[in-house]
Amino acid sequence: MKPRLDGEGIALAVLVVFVLLVSVLPVARLVFEAFAPGGEFDLSNLSAVLSAGSTWRATWHSLVTAFFGTAISLILGTVFALAVALTDIRAKAALVFAFLLPLMIPPQVTALSWAQLAGPSSPLLITLGLAPPLGAPNPLYSAEGIILLLGIQHAPLVFLSVRAGLRGLPREMIEAARACGAGRIFVLRTIVLPMMTPALVAGSALAFVSAIGNFGIPALLGIPAGYTVLPTLIYQRLASFGPSIISDVAVLSILVGALACLGFAAQSLFVGRRDFRTVGAPSEALRYRLGTARLAVEIGAWGIIVLILVVPLIALLATSLVSAYGVPLSEKTMTLGNYAEVLFRQDATVRAFRNSFFLAAGASLLLMLLAVPFAALIVWRGGRLLKSLAMLAEVPYALPGIVLGIAAILIFIRPLPIFGLSLYNTIWIIFFAYLARFLTLSLRPVVGAVQQLDRGLDEAARMTGAGYLFRLRTVLFPLLAPAAAAGAVLTFMTSFNELTVSALLWSAGNETLGVVVFNLDDGGYTVLASAVAVVTVVAIVAIMGVTALLARRLPRGVLPWAD
Amino acid sequence: MTAITIAGALKRFGSGVAVDDVSLDIAEGEFVALLGPSGCGKTTLLRLIAGFETLSAGSICFGDRLVAGEGAHVPPEKRKVAIVFQSYALWPHMTVAENVGYALRVRGLGKAERRIKIGEALSAVELSGFEARRPADLSGGQRQRVALARCLAMDPAVILLDEPLANLDVHLRASMEETFRAFHERTGATMVYVTHDQAEAMAMADRIAVMEKGRILQVADPATLYDRPTSEGVARFVGNGRVVDCVILGPAGGDQSRVQLFGAESLVRASIGAQASGSGRLALKPERLAIGESGFAARVRKAVFKGSHTLYEIEPEAAPGLLLPLPSNERLAIGEVVRVSVRGGWLLPAGAGAAPLAEAA
Amino acid sequence: MTAITIAGALKRFGSGVAVDDVSLDIAEGEFVALLGPSGCGKTTLLRLIAGFETLSAGSICFGDRLVAGEGAHVPPEKRKVAIVFQSYALWPHMTVAENVGYALRVRGLGKAERRIKIGEALSAVELSGFEARRPADLSGGQRQRVALARCLAMDPAVILLDEPLANLDVHLRASMEETFRAFHERTGATMVYVTHDQAEAMAMADRIAVMEKGRILQVADPATLYDRPTSEGVARFVGNGRVVDCVILGPAGGDQSRVQLFGAESLVRASIGAQASGSGRLALKPERLAIGESGFAARVRKAVFKGSHTLYEIEPEAAPGLLLPLPSNERLAIGEVVRVSVRGGWLLPAGAGAAPLAEAA
Amino acid sequence: ASGKLVLYTSQPNEDAQATVDAFEKANPDVDVEWVRDGTTKVMAKLQAEFAAGNPQPDLLLIADSVTMAGLKRDDRLMAYEDADTTGFEDGLYDKDKTYFSTKLITTGIVNNTRAEMTPTSWKDLTKEEAKGQVTMPSPLTSGAALVHLAAITQNPDLGWTYVEALAENGATAAGGNGGILKAVAGGQTAYGVIVDYLPIREAAKGSPVKFVFPTEGVSAVTEPVAILKTAKNPEAAKAFVDFLLSEEGQKLASTQGYLPAREGVEPPAGFPSRDQIKLMPFDADQALADAEENKKRFSEIFGG
Ligand SMILES: Nc1ncnc2c1ncn2[C@@H]1O[C@H](COP(=O)(O)OP(=O)(O)OP(=O)(O)O)[C@@H](O)[C@H]1O
Ligand SMILES: Nc1ncnc2c1ncn2[C@@H]1O[C@H](COP(=O)(O)OP(=O)(O)OP(=O)(O)O)[C@@H](O)[C@H]1O
Ligand SMILES: [Mg+2]
Ligand SMILES: [Mg+2]
């Protein structure tokens, strides 16, 4: 086929350049560092790292925790998505809202609050007078604990992806099966879930890659138990001395990237051969009547919400209301001083809110705009170039944030060749890193959605002579809006209190919320850190609430929490 | 015994009424066709029977069992009815064989047995050899046939079919009609068949229910429906009929009446108790008109070649503006004036035009 | 001037061939119908013309412009053709009005103007008042009509229609046919119309291309196709025809021949240069058979009520096992022996059965 | 001195701000830009900058002398021969004057006030009462913990046998000092090994913890300051070092709640007086040489 410079060709070129820039460049820079530390070709680091037993032990641990963690995310996220999308349970919007919020609570907080719940005492339990005596080793400090928390932390990724998929399911598909006499479970097993494969796979791939790259949870729960995974190993390497650190870390990062690509390979394996295109229009949402089981399901759902959201949130809240960590919360000790301190006295907090909002909103919007054409090109046009680009886009998300930060420093510390201006020490380097890191988060749900789309809908628009951009705007975007919005929500929420990438890249005036929370916490001001975290959650709730008010102006199904 | 009893069924969508006070008894083993214009509520009625929609009012019983209405709603999977969807609703992730064999899997049949039944069903729809294809790789008509095979393989007691042959050519259609008839004879299943194609309905159904705007106008066997419609709607809808004004001159023995039509006198059939005089409404079918020596004068306005014959449209001189279809093998020129005799019309019962009769035969 | 020239078009799907060496010239403003059994490649051919599929071999030109083949492939949006999809492909997120008005928006028309055109298109398909509905809330036939309206509103120079009336009842169909014809006359658009319904094709098309298994068997005007098929396939497919063996007795003046059929002698039409003797193949249409005093003896096997007439199947005594359709208004009993005369058959050109002729009229 | 000065530090935000403010007040012409992060992150950032050949800071003010010894080994530091070290013990600055201690952050024992025992000696942590109740920062992630491990193992009375005894008693090693404070204040464990200022400061605010200086002595990280060889503004950097080592700078450290390194400066409230605090002997260069070996051995003992 002759190269054409039409809208699609231009879009393709833009996307290729974008992915090369934000995904391939950092990865390539790391690979370069692995093979040629400091610019000179030298494989001694590579072989040293790869021959160390600890490397492979950590790799294995990473695989195990990510795999089982993903399994938990998959189950939890899918069950929630099914309950919300296909049944007549009540208060769906609130449920979705509550299910997504844990994305906003730093995993360390969740881990800690659960550890406290299982452990001998906590501000909450002491306050209630239920604190057990200082006691036995905590069961959460184990591989199982890591798996459990990874599973919970990433369940919303699966949830959003599957829910967007379920919106496109024509109801006749289910009805035809019911007419065959199939009961609910059978329909679920043979029709709904298989047809949701693209969404399920997209969601689990995200969960898997997130679990591979997660640092907070294994750091908190794994290190005490002597259970090292790749990101914690990388962190430990960084804490050592000597000139080969960056190279060592680069080698380990390549391993992480390889594991992430494994997830992607599994994804193509699952989706590649089968067909999920639904012909015709998706109909309005289905409502399975649960009858008497409804109450039980509702109680179960809210029970899970209590565990994954309310408990950590209360712990966070309790901590933010006392003057010093460990002080029991009572009428006398309760104070709003921490809030006053972070909100009114430390201008860094407010600045960080502004920065993080700008970064998160900017990155999620830009990535959403790119994800739709990119996903359509990947699925409909195919080709090896696009497939490998899609795979490479996954890697920066899987890398521990600190490594991506290092890669960004390696690339941007010198002024840009042509423009002569330097991104280093500006907010733009963080923005760049966010684009690199969250591209896949925005992209995956949309790819899943395109795989389910009837291509005729685009063809019908082409017939009218509509150009590429016009079609994008009027047909593809609205049709893919639920999935694109799911991706944007994921991106926004995860980047809003992102820590590990910005920790290396921030500079004075360009703090992010994550950095502020971490710096407070690290400096021993846990109560202030908790206060900022609570304010962050409140801000997110407010933002979600405002968007819900605007929901009527958006295409249906765009906002997961406004049905 | 009645297999399905629909009593006063009503279905609202928002402010609109899709099915409006429909009552219909369907006997066991009966083959009933639902006939009516697009958007008249056929699909909705079928979906109500299958249980995919809940009734806004009325009730539906299967035998003695109340399945919908009065607070009850038996879910579709418990109703044991098979359905072929207008949109096929094939599962894209399954092969043709898996689609067809789904119900058998639900029933827990073994693999070998399943394969045999799938093979039978596919060969009944002339799709042997397509087992391993995906629905997306089939032509429209092939998809429709897979949907049919899926239904046939279920061996159900009640089958609901929603325009199952719409995308097939005449020959395949004839052969599918044959398949249905054979299936119906073999299994004695009760069938409700939605179609917009009258020939199909006439050819296969024991009884036909004609619907319009959510209501049933008439339920009767094909010949009755064709020859003795009880309402103008049915007279018009079935067999490309026309309803014209005439003057009743008086009864003519048997069920005949004499009428004056477009200035000429004709003998027509009339229902028992039809009016004896005054003005009446006469239902005419195209093939009841014949060009000859006698009859009223009409001008040929249009000719459409139909293969086996040409369909003319004629305009009676006595009723300018009214166009009547008339099939003929003769060659007529546009503008030519011919004499047309009426070989049998049907004098509609009085008041048939005003209120459509929702009545079971 | 030719609007579309298809030369040796071939389309493979995996190992199968969906469109096989098809050549067809379509003149500007012509109305061509593609007729053929399910799965014969009609949709694929249409998609090739529209540009949604790439050719495996051959070429397609619009006027002098090469749009597909020989390494070129003009994308669909640049071809300026409108298409109505068999699966409708309505945009679920838009209202009916937005669906219909999409092309106008593409062209940058103002809101007011758009509204007028949308209103016109919708009223042409009898869907006025449905502007604000979503496709999901429409019946099957209504969806199909929205797809039609969307296409009409585009005012295109070339229109491709893929079974656009499959889900409509006879009356709506007739009225849509009328709409198409009027549209065609008004705009002079070139139309390619896929259908499995012969009557539709006969009634509307200037020429009809009959397809079978990916190949074009014959392209001709409706009457020729009906009366003078060049191959057994066409003879059988069009007008519910049958092809039977006969013995040619000799020419009988004009284009007539005398043949011996089932033991009786008949006069039939024959192509110029038809065989003068020996055994031949005779194409029969049901309405060419008539029950009377003379002719061959046949037994009535089956009767299907068709409303305007009854379609009998008769079995010639001289050819047991062969069933011929025969429409009649007479009442015949099953098993009765009747005499059937042939009022006109068509002696197929020699070799017509062996190799289908892909030829333009 | 004048111009722009870039400082990388691991001091807590508030302290860093106070230090910079005080310095700028004394040197109004210098404009200090500072970046604050955990030691590991600061070092990772710095290493990446080294690798890219463009280190940004003039000046480092980070946790421990071992890290500085490493940088010195890699020839990254500039010697400041003329630095005024009066009042500083010998061990508190590099003999080549490349880095200088600015304060003493000692590592001792913290216990929850609800704990059964109040430990006084390192060895108390190996007793039955403390079984499974001790947590400490991991030398794999915390610089202070690595220094502490080196000091313990360099101490002939304690050594590796003591470390092994701790492990046998079910002690855990996790993360950094912040986590230890949370674990002990939150009551997950009764005892912790921790740097002094965190529990002392929190106890003053009412947190249920108590800090103990064990009888054998404490290890200390000294938050050394150093000038990079690549410093773009060495004059201002030297002025900053001078300020930190001056009596005024040391008093500031004291008001921030740290033990000043310079003799004769009043310690902050809650601390015993300087002469009552016993420091375990410590050899930074040796510690650097042993670092990898120590980490390996530690992780063998504690797993991971
Ligand atoms: N994507 C595909 N992959 C493989 N085979 C295909 C594909 N699309 C169509 N076919 C096959 O090509 C042949 C022609 O299909 P096409 O859709 O053109 O038929 P059609 O004439 O439109 O039939 P219908 O009247 O049933 O719609 C069929 O046998 C079909 O199974
Ligand atoms: N979900 C819905 N919401 C609102 N109106 C609906 C809905 N479904 C159907 N309708 C309307 O109800 C009426 C009956 O629809 P139905 O699908 O039963 O028609 P139908 O007789 O099957 O027509 P067709 O022959 O065109 O398929 C139509 O006017 C349709 O627009
Ligand atoms: Mg319908
Ligand atoms: Mg087709």
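The values are calculated or read from the model by the stated rules, or taken from the named source; none is laboratory data. Note that the coordinates shown come from a computational prediction; the quantities given were computed from them, not determined experimentally. Reconstructed Cβ throughout: ideal geometry from the backbone, glycine too, with neighbour counts over all protein chains shown. All accessible areas refer to the heavy atoms of the entire protein, side chains included, with ligands and DNA or RNA removed. Shrake-Rupley method; radii C 1.70, N 1.55, O 1.52, S 1.80 Å.
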Item to check | Cβ charges +1 (Lys, Arg) and -1 (Asp, Glu), total dipole of the stretch C:240-347, debye | outcome: 240 debye
Item to check | trypsin sites (Lys or Arg not before Pro) within the stretch B:1-52: DSSP coil, no more than 15 neighbouring Cβ in 10 Å | outcome: none
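I'd like the antiparallel share, as a percent to the nearest 5, of DSSP beta bridges with both residues in chain C. Intermediate results must be reported in sequence, preceding the final value.
On the way: 63 of 83 bridges.
Around 75 percent antiparallel, to the nearest 5.
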Checklist entry - Based on the Cβ-Cβ distance from residue C:337 to residue C:57, what FRET efficiency comes out when R0 is 45 Å, to the nearest 0.05? => result 0.25
Next on the checklist: Between residue D:246 and residue B:247, what is the label-point separation in nm under the 7 Å Cα-to-beta-carbon projection?
Outcome noted: 12.9 nm
Item to check | In the A-C interface, the accessible area buried, summed over both sides, Å² (probe 1.4 Å) | outcome: 2300 Å²
Checklist outcome for this item: Taking r as the C-beta separation of residue D:235 and residue A:40 and R0 as 30 Å, the FRET efficiency to the nearest 0.05 is 0.30
Next on the checklist: Can you give me the distance in nm between label points at residue B:322 and residue B:258, each placed 7 Å from the Cα along the Cα-to-Cβ direction?
Outcome noted: 2.0 nm
Checklist entry - With charges set only on the Cβ (+1 for Lys and Arg, -1 for Asp and Glu), what does the dipole of chain B come to about its Cα centre, in debye to the nearest 20? => result 660 debye
Item to check | Per-q log10 I(q)/I(0), the stretch C:4-227, q = 0.08, 0.15, 0.16 Å⁻¹ (Debye; single scatterer per alpha-carbon; no solvent) | outcome: -0.28, -0.99, -1.12
Next on the checklist: What do you get for the angle between helix D:159-168 and the principal long axis of chain D? Use alpha-carbon atoms, 0 to 90 degrees, nearest ten.
Outcome noted: 50 degrees
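In what sequence, largest accessible area first, do B:346, A:428 appear using a 1.4 Å probe? All intermediate terms of the calculation are to be shown ahead of the outcome.
Values: B:346 10, A:428 125 Å².
My answer, sorted largest first, is A:428, B:346.
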Checklist entry - How large is the accessible surface per residue of chain D, computed with a 1.4 Å probe and reported in Å² as a whole number? => result 35 Å²
Next on the checklist: Between helix D:39-51 and chain D, what is the angle of the helix's C-alpha long axis to the longest principal axis, kept within 0 to 90° and rounded to the nearest 10?
Outcome noted: 40 degrees
Next on the checklist: As a test question: what accessible area, to the nearest 10 Å², does residue D:114 have when a 1.4 Å probe is rolled over all protein chains in place?
Outcome noted: 120 Å²
Checklist entry - In sequence order, what are the phi-derived ³J(HN,Hα) couplings for the stretch D:217-233 according to the Karplus relation 6.51 cos²θ - 1.76 cosθ + 1.60 with θ = phi - 60°, rounded to whole Hz, with x for glycine and proline? => result x, 10, 8, 9, 9, 10, 6, x, 10, 8, 9, 6, 4, 8, 3, 8, 10
Checklist entry - Which whole-number percent gives the relative contact order of the stretch D:146-304, counting Cα pairs below 8 Å spaced six or more residues apart? => result 28 percent
Checklist outcome for this item: Magnitude of the Cβ-charge dipole (Lys and Arg +1, Asp and Glu -1) of the protein assembly as shown about the Cα centre, nearest 20 debye, reported as 3960 debye
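Would you tell me the mean number of C-beta atoms belonging to other protein chains that fall within 10 Å of each C-beta in C:72-80, as a whole number? Before the final figure, lay out the partial values.
Numbers: counts 2, 3, 1, 6, 8, 14, 5, 3, 3.
Shielding by partners across C:72-80 averages 5.
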Next on the checklist: Under a crude label model (7 Å from the Cα following the beta-carbon direction), how far is residue B:297 from residue D:17 in nanometres?
Outcome noted: 10.8 nm
Checklist entry - How big is Rg to Rh over the stretch A:387-434, alpha-carbon atoms, Rh as the Kirkwood inverse-mean-distance radius? => result 1.04
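Ignoring ligands, DNA and RNA, what percent of the 1.4 Å accessible area of the protein assembly as shown is carbon and sulfur?
56 percent
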Item to check | Mean Cα-pair separation over length for chain C, i.e. relative contact order, pairs under 8 Å, 6 or more apart, % | outcome: 16 percent
Next on the checklist: Taking amide H atoms as placed 1.01 Å from N in the peptide plane, list the residues 5 or more away in sequence, or in a different chain, whose amide H sits under 5 Å from that of residue B:194.
Outcome noted: B:34, B:161, B:162, B:163
Next on the checklist: Going by Cα centres, the stretch B:201-239 and the stretch A:23-51 are how many Å apart?
Outcome noted: 82 Å
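Could you work out the mean projected area of the convex hull around the alpha carbons of the stretch B:96-199, in square nanometres to one decimal? Intermediate results must be reported in sequence, preceding the final value.
Numbers: hull surface 25.9 nm².
Result: a mean projected hull area of 6.5 nm².
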Checklist entry - Karplus couplings for the stretch A:176-181 from phi (6.51 cos²θ - 1.76 cosθ + 1.60, θ = phi - 60°), rounded to Hz, Gly and Pro as x? => result 4, 6, 5, 5, 6, x
Checklist entry - Out of B:97, C:284, A:10, whose Cα points farthest toward the positive end of the dipole of the protein assembly as shown (charges: +1 Lys, Arg; -1 Asp, Glu; placed on Cβ)? => result C:284
Checklist entry - Once the Cβ-Cβ distance between residue C:64 and residue A:28 is put in as r, and R0 is 51 Å, what FRET efficiency do you end up with, to the nearest 0.05? => result 0.55
Checklist entry - Got a sec? Charge dipole of the stretch B:207-269, +1 on Cβ for Lys and Arg, -1 for Asp and Glu; which of B:251, B:239, B:268 is way out at the positive end? => result B:239
Checklist outcome for this item: Links exceeding 30 Å between C-alpha atoms in this model, out of D:72/D:278; D:25/D:97; D:251/D:296; C:11/C:306; A:387/D:41, come to D:251/D:296; C:11/C:306; A:387/D:41
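Which sequence of B:266, C:123 reflects their accessible areas, 1.4 Å probe, from the largest down? Walk me through the intermediate numbers first.
On the way: B:266 15, C:123 65 Å².
Ranked list, largest accessible area first: C:123, B:266.
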Next on the checklist: As I understand it, the dipole of chain D uses +1 on the Cβ of Lys and Arg and -1 on the Cβ of Asp and Glu, about the Cα centre. Which of D:215, D:80, D:113 lies farthest toward its positive end?
Outcome noted: D:113
Checklist entry - residue B:301's amide H: which non-local residues (gap 5+, or another chain) put their own amide H closer than 5 Å, with H modeled 1.01 Å from N in plane and none for Pro or chain starts? => result B:313, B:314, B:315, B:335
Item to check | Eligible lysines near residue D:127 by straight Cα distance, threshold 19 Å, same-chain separation 8 or greater | outcome: D:210
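Using the heavy atoms of the protein chains and a 1.4 angstrom probe, tell me the accessible area per residue for the stretch C:240-347 in square angstrom. Intermediate results must be reported in sequence, preceding the final value.
Working: 4980 Å² over 108 residues.
That works out to 46 Å² for each residue.
I need the GluC sites (Glu not before Pro) found in the stretch C:61-162, filtered to DSSP loop residues with at most 14 other beta carbons within 10 Å of theirs.
Numbers: sites: C:70, C:77, C:98, C:113, C:120, C:126, C:131; in loops: C:70, C:126, C:131.
Passing sites in the stretch C:61-162 are C:70.
Roughly how many Å² is the accessible area per residue of the stretch C:21-79, as a whole number, for a 1.4 Å probe?
That works out to 31 Å² for each residue.
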Item to check | Two-decimal Rg to Rh for chain D - Kirkwood Rh, Cα set | outcome: 0.97
Item to check | Alpha carbon centroid spacing (whole Å) that separates the stretch D:224-245 from the stretch D:35-67 | outcome: 14 Å
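Please report the buried accessible area for the interface of A with D, total over both chains, probe 1.4 Å, in Å² to the nearest 100. Walk me through the numbers before you get to the answer.
On the way: alone 24570 and 13270 Å², together 32900 Å².
It comes to approximately 4900 Å² buried between A and D.
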Checklist entry - Under a 5 Å amide H to amide H cut-off, with H placed in plane at 1.01 Å, what residues pair with residue B:284 once short-range neighbours are removed? => result B:242, B:243, B:244
Item to check | Dimensions in Å of the protein assembly as shown - Rg and Dmax from alpha carbons | outcome: 42.7, 141
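Quickly estimate the mean residue ellipticity at 222 nm for the protein assembly as shown, helices only: each DSSP H run with n ≥ 4 gives -39500 (n - 2.57), and the total goes over all residues, rounded to 500. Mind dumping the intermediate values first?
Values: 53 runs with 651 residues, N = 1589.
Mean residue ellipticity, 222 nm, calculated: -13000 deg cm²/dmol.
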